[in-house]
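The structure under discussion appears below in the form of C-alpha cells.
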Amino acid sequence: MKKIQIWVVVAGCLPGIVAGFLGCHRADVPEDKSETAALPADSIPLMEHAFTSLESDTHPETLHLFSVLAPGENTDILDKTLSTLFPDGVTDPGETEILLLLGYVSQTLKLASSNRHLGSEVLVEGHAYCYGMARAFVALCRRTGMPARVNSVHNFEYMQAHNMAEVYYDGNWHLFDPTYGVFFYDKEEYNGTGSIPSARALFSGSVPDAHPFMLSELLWTGQHVPGGSPKPLSDDFRYRNAFTLRQLYDQVFSKGFPFIVAENRVASFPILIEMGATNTLSIGAVDGRTEDVEGRRENASYPRYHGEAYLGLGSTGGRFHTISIQAAPARYKITYHFMRGSHFHALDTIELRDIIVEQSRLDDTSWSLWFRLQSEEGLFLVINRTGLAVLDAITVDRVE
C-alpha cells in the first residue's frame, strides 16, 4: 500500500492559530500564478531565516538577524522583567542566565490560549500556549544581547505542533522548551561538563544519548520560584494527565517535521511519503496542470490536500518542503516536475535524518535527486533559494 500525505504549515503570527499552536490550514492569500512571478527583495531574508535555522548557520549576518527584536516589541516591559531577574544587570549572559529566563517563563506564564504574538505582549497578558511562551523567551534572550529564535515541529502524535526555542552562545545553538522548562543534555548529570544540543543535532539523531532535564515541576503558576537546580525529567511527569513529557519528546524528535517560525510570509510544506511495497509513486501527473498537485476542495474539506504548488520566493513570501520518506532502506530518486517558465536552478537540499544525498540533475523542466535511505524513515529539506517554481508533479522511484 502506498500513501502520500502533505500538510501546509504556515509559520509565523497568523490569524486562525488554534489554541496557540500552529495548525494545518490553507493559506487565504492568493499566490501570483504567473510563470514569471516577481521576486520581491524583502522575501529573500525571510527565506534565509528559514534555511539558516535548520542549517545551524553561525554567520555574523545570520546571528544579527536573530538578535534584533521583532517590530513592535515593548522594550520597557522586557527591561522591567529583566531587572527583576538581574538587579545588577547582565553584561555577559550565558547558560546560567538562560536557565533563569527559562524557569521564569515556564512558571510565571499560565497555560491558556492567547492571540498575542509579541513576547512583551505575552508577558503583560500573563498566559499563552507554547508559541507565546517561546516568543516571550526569545524576546527576553534577545534583549540581553543573545541571538535566539523559535523552532517548531509539526505532525506528531499527541499535538498538531509544538514550539520551542534556540539560543546562541559559546559558538553554537542550543535548544530549550520554554513551555515546560526543559532542555536536553549530553550527560546523565547536569554538571557543567557537557553541552545542550541544537535542534538540528536532536532532529538528526547525532546526539543519541541526549537526556531531558527539567527546572521545576511547578509550571504555569503565575509565580517565579528561582533557585532550583535542573533535575532529570521524571518518567511519569504528565501533561494534564494526557501523556508523559518523555512520550512527547520521543515523538517530536523521531516522527515530527521541523519547521521554522521566521516571519508571517514563510511557510513549510511537510510531505510524508510512505512507499509501502511499491517501487514508484507520484503526487499529481506530469500534464502541465497544477490542480492535481494542490488537491481539490470537496464538501468544504481537503481530504487529499497537498498545499500550494509553489517552491521558492514569490509575491506572498517563501515556500520550502520538509520531506519524510518511510520505506525500506535503499537508493531512491525523487523528481520535481515544474511548469515551463519556473525558476528552479538554485534548488538545494539539507539532510536532517538518515539520508545521504548522492547527486542531483537539472533538465529543462525538472530536477532530480538521488539519495540513499539508511533506515526505514529519513528526513530532509528541499529548498529553492533564489526563484519561484510552480510544481507540475513530484515522482519518487526506488532505483535499487
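Using a cutoff of 8 angstrom between alpha carbon atoms and counting only pairs six or more residues apart, the relative contact order for the stretch 55-255 works out to 20 percent.
Using the Kirkwood radius built from alpha carbon pairs, what does the Stokes-Einstein equation give as D for the stretch 54-155 at 10 °C and 1.306 mPa s, in µm² per second?
Values: Rh = 14.0 Å.
For the chosen part, D equals 113 µm²/s.
Here the label points at E291 and R331, each 7 Å from Cα along the C-beta direction, are separated by 3.9 nm in the simple model. Quick check for you: which residues of the stretch 374-389 have the amide N under 20 Å from the point 7 Å beyond the Cα of E358 toward its beta carbon? Those under the cut-off are 374-382. Protection proxy ranking, highest mean first, for peptides 145-152, 84-91: 145-152, 84-91, where packing is the per-residue count of other beta-carbon atoms within 10 Å, averaged. Peptides 347-356, 216-225 ranked from most to least packed give 347-356, 216-225, packing being the mean of other C-beta atoms within 10 angstrom over each peptide's residues. Packing-based ranking of 321-332, 176-187 yields 176-187, 321-332, ordered from highest to lowest mean Cβ neighbour count within 10 Å.
Could you run the Debye sum over the Cα atoms of the stretch 317-378, one equal point scatterer each and no solvent, and tell me log10 of I(q)/I(0) at q = 0.17, 0.19, 0.26 Å⁻¹, two decimals? Per q value, in the given order, log10 I(q)/I(0) is -0.63, -0.76, -1.16. Report D for the stretch 126-189 in µm² per second (integer): Stokes-Einstein, Kirkwood Rh on Cα pairs, 25 °C, 0.890 mPa s. So the translational diffusion coefficient is about 196 µm²/s.
Hey, got a sec? Which trypsin sites (Lys or Arg not before Pro) in the stretch 365-400 land in a DSSP loop and have at most 11 other Cβ atoms within 10 Å? Show your work: numbers first, answer last.
Working: sites: R372, R385, R398; in loops: R385.
Passing sites in the stretch 365-400 do not exist.
In the stretch 55-255, the DSSP beta bridges split such that about 90 percent are antiparallel, to the nearest 5.
Seen from all sides and averaged, what is the projected area of the convex hull of the Cα atoms in the stretch 55-255, in nm²?
Numbers: hull surface 43.3 nm².
About 10.8 nm², averaged over all directions.
Quick note: the coordinates plus some simple rules give every number you see, no bench work behind them. Owing to the predicted nature of the structure, the values given are computational and were not obtained by experimental measurement. Please note: Cβ atoms are built from the backbone with ideal geometry, for glycine as well, and neighbour counts cover all protein chains shown.
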